[in-house]
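Let me begin by presenting the structure, written as C-alpha cells, before commenting on it.
The values are calculated or read from the model by the stated rules, or taken from the named source; none is laboratory data. Just so it is clear, the structure is predicted and the values come from calculations on it, not from any experiment. Please note: Cβ atoms are built from the backbone with ideal geometry, for glycine as well, and neighbour counts cover all protein chains shown.
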Amino acid sequence: MRELPSAMVAAATSERTALEVQRIFQNGFLRIYTHTDVVGTEIGGALKNVIALAAGISDGLELGSNARAALITRGLAEITRLAVQLGAEESTMAGLAGLGDLVLTCTGDLSRNRTVGVAIGRGGDPHKVLASMAQVVEGVRTARAARALGIDLGVEMPITQAVYSILDEGVVPRDALASLMAREPRPERWS
C-alpha cells in the first residue's frame, strides 16, 4: 500500500500460470519472480513461522544477534532437510521463498510469530500469550505438524523440537536452549 520496494515468488506447477501471475502483479515497486517448485515454496512459507517463534524467544531472552543469526541459519538447514525429503528443490530454500521469507519473519517487528516468541522469551506463559493474540500465530500449529512430519520421515529438526517442547510440553525456554546447545558436536554442512 505504501509502494515500498518488495519482491515475492509466484509458484505454480505450470510455468505458464506462474508467468501470468507475474504479468498481472509486477509493477514499479513489486517484483514477482516465478518458480515451479510449489512444494518448496509452501514448505518455506510455513516453516519460517516456527523458526520465527524461536528467533523471537531468543530475542526475548536477550541472547543477542549471533544467537538470532545461528537460529536463522540452522533453521534454514532444518527447513531445507524437510523440504527436500518432501520433494522440494534444495535451491528453492536459498531464494525468496526460503531464506528471504525466513529473514523477514525472524527479524521483522510486524511478524506475529516473532512477537509471540519475544513475549514467551521474556517469561510469558505460552498459553496466555497465545490467548492474548487477536490474530492467528501460524507457527504454533506448524511446529506440531512439522515435528510429526520430521519424526515420520526421519528428518532431524532440533529447533522445531525445541519450539514444540516450549509450546506443548511446558519446557521453559532456557531449558530448551540448553538442550539445543548440548547436542552432539558435528561439522557444519547444509543437510
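Brief remarks on what is shown
- Filtered by the rule that a residue be assigned to a helix (DSSP H, G or I) and either within 20 Å of Leu82 (Cα to Cα) or among the hydroxyl-bearing types (Ser, Thr, Tyr) (or both), the stretch 98-112 gives Gly98, Leu99, Gly100, Asp101, Leu102, Val103, Thr105, Cys106, Thr107.
- Taking the numbered list (1) surrounded by 13 or more Cβ atoms within 10 Å (Cβ to Cβ); (2) over 16 Å from the mean Cα position of the chain (by Cα); (3) not in a helix (DSSP H, G or I) in turn, Glu156 passes all entries but (2).
- Set Ala52, Ala10, Ala69, Ala77: member being outside the structural domain of Asp125 (by TED's automatic domain parsing) and among the hydrophobic types (A, V, I, L, M, F, W, C): Ala10
- Check on Glu90, under 16 Å from the mean Cα position of the chain (by Cα), acidic (Asp, Glu) and over 15 Å from Thr105 (Cα atoms): yes
- Looking across the stretch 159-181, the residues that are surrounded by 14 or more Cβ atoms within 10 Å (Cβ to Cβ), over 13 Å from Val50 (Cα atoms) and of a type in the set (A, V, I, L, M, F, W, C) come down to Val171, Ala176, Leu177, Leu180.
- Some residue of the stretch 80-95 being crowded, with 19+ Cβ neighbours inside 10 Å, at pLDDT 95 or above, part of a loop (DSSP other than H, G, I, E, B) and in the same structural domain as Gly139 (by TED's automatic domain parsing): yes
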